[in-house]
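Any read-out appearing in this document is the output of simple, stated calculations on the displayed coordinates, not a laboratory observation. Since the model is a prediction, treat every value here as computed from it, not as a measurement. In this analysis, Cβ positions are derived from the backbone assuming ideal geometry, glycine residues included, and neighbour counts consider all displayed protein chains.
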Ligand SMILES: [Zn+2]
């Protein structure tokens, strides 16, 4: 079990996000370049740096963000006791329907594997479960993301 902040909030939830970029905006960039760009946006918005705990590139590459023990800045009122993961959208349709537009199979595999290695995660949700936002671009069904034991 991971605990966050001085109050040691137990971490039981992963909240998924998208980057809300223009189509192709990050094409050709490395994971580190994407991280650096978003970090700069977050600094400009007054956050203390990159607000997520990590991101997944379209090819499934993971780039670490905040330490999991540090409270994120990604979902108002849900930051304590959650991890915010960002799926860098490729918007290349792999299957018919909106659900697959927003992430690739490589991201799906990598994210499931990441969640499976974190002890104590019980819920996977989307930013749009908590705010009037499109983010992460689809309705998160946690059975798609949580490993079955
Ligand atoms: Zn979001």
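Quick notes on this structure:
- Calculated P(r) of the chain - Cα pairs past 27 Å, %: 15
- Segment 105-138-segment 21-73 distance, computed between alpha-carbon centres (Å): 15
- Residue with peak Gaussian network fluctuation, the chain [Cα springs, cutoff 10 Å], from 63, 43, 11: 43
- DSSP beta bridge pairing in the chain, given as percent antiparallel to the nearest 5: 30
- Relative protection proxy for 81-89, 13-21, 103-111, from highest mean packing down: 81-89, 13-21, 103-111 (other beta-carbon atoms within 10 angstrom).
- Relative contact order of the chain, taken over Cα pairs closer than 8 Å and 6 or more residues apart, is 30 percent.
- Averaged over residues, the count of other Cβ atoms within 10 Å places the peptides 51-57, 112-118, 27-33 in the sequence 51-57, 112-118, 27-33, highest first.
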